[in-house]
Amino acid sequence: EACDYFVFKAAYYMTKPSVLQRHLSDTLKLNDDKSEAFVNAWISSAKGIVEHLRQRSLFPAQLEDVRWSLNLQTASDSQTKQVIPKAVFQFGLKTNEKSRENVTVGFTHEELYEFYKHLETIQSQLDGLH
């Protein structure tokens with residue numbers, strides 16, 4: 001995941017190898033062998049990576065709307081009855097100009113928190129691109 005992030009960021013900024021080397025060594029504190037290997041891979045593959053990214057559709061589906069609800073699911077065994085809250089999201093996706101798809105996802109409290117942490121990581125990476 002981290003390597004993908006650096007490759008996309010390097011491609012986005014069309015980073016020169018010397019700048020990439022300095023960033024990897026100084027900012028990320030990679031040792032010289034690792035940063036040199038990464039830079040050599042970038043030198044040999046940058047043109048192909050950038051071309052591939054240009055041809056690839058960045059947004060095969062776009063989020064058009066979000067709906068959510070809180071449901072209470074009951075579970076019971078022979079001795080106790082338990083109510084389990086679930087957050088249910090319906091994501092409305094626009095897949096092309098005429099096609100629309102709804103994706104429904106349910107989360108327990110723990111699952112929703114894990115999803116939130118992933119969104120925070122994504123937001124942090126997006127903020128880093130600006």
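Structure data summary
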{"item": "Every residue from segment 89-114 that is surrounded by 14 or more Cβ atoms within 10 Å (Cβ to Cβ) and among the hydrophobic types (A, V, I, L, M, F, W, C)", "result": "PHE89, PHE91, LEU93, PHE107, LEU112"}
{"item": "Flag if GLY128 is in contact (Cβ under 8 Å) with a residue 60 or more places away in the chain and under 19 Å from the mean Cα position of the chain (by Cα)", "result": "yes"}
{"item": "Residue pairs meeting the criteria (Cβ under 9 Å; at least 6 apart or on separate chains; first closer than 14 Å to GLU51 by Cα and among the hydroxyl-bearing types (Ser, Thr, Tyr), in segment 2-21; second surrounded by 13 or more Cβ atoms within 10 Å (Cβ to Cβ) and modelled with pLDDT under 85)", "result": "TYR12/LEU53"}
{"item": "Residue under evaluation LEU72, criteria (1) touching a helix residue (DSSP H, G or I) at 6+ places or on another chain (Cβ under 8 Å); (2) exposed (fewer than 10 other Cβ atoms within 10 Å of the Cβ); (3) among the hydrophobic types (A, V, I, L, M, F, W, C), criterion not met", "result": "(1)"}
{"item": "Residue within segment 60-72 that is within 21 Å of the chain's Cα centre (by Cα), small (Gly, Ala, Ser) and under 30 Å from LEU112 (Cβ atoms) present", "result": "yes"}
{"item": "Count of segment 27-49 residues which are assigned to a helix (DSSP H, G or I), within 23 Å of LEU126 (Cβ to Cβ) and of a type outside the set (Gly, Ala, Ser)", "result": "4"}
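The values are calculated or read from the model by the stated rules, or taken from the named source; none is laboratory data. Everything quoted here is computed from the prediction, not taken from an experiment. Quick reminder, even Gly has a Cβ in these numbers, built from the backbone with ideal geometry, and neighbours come from all protein chains shown.
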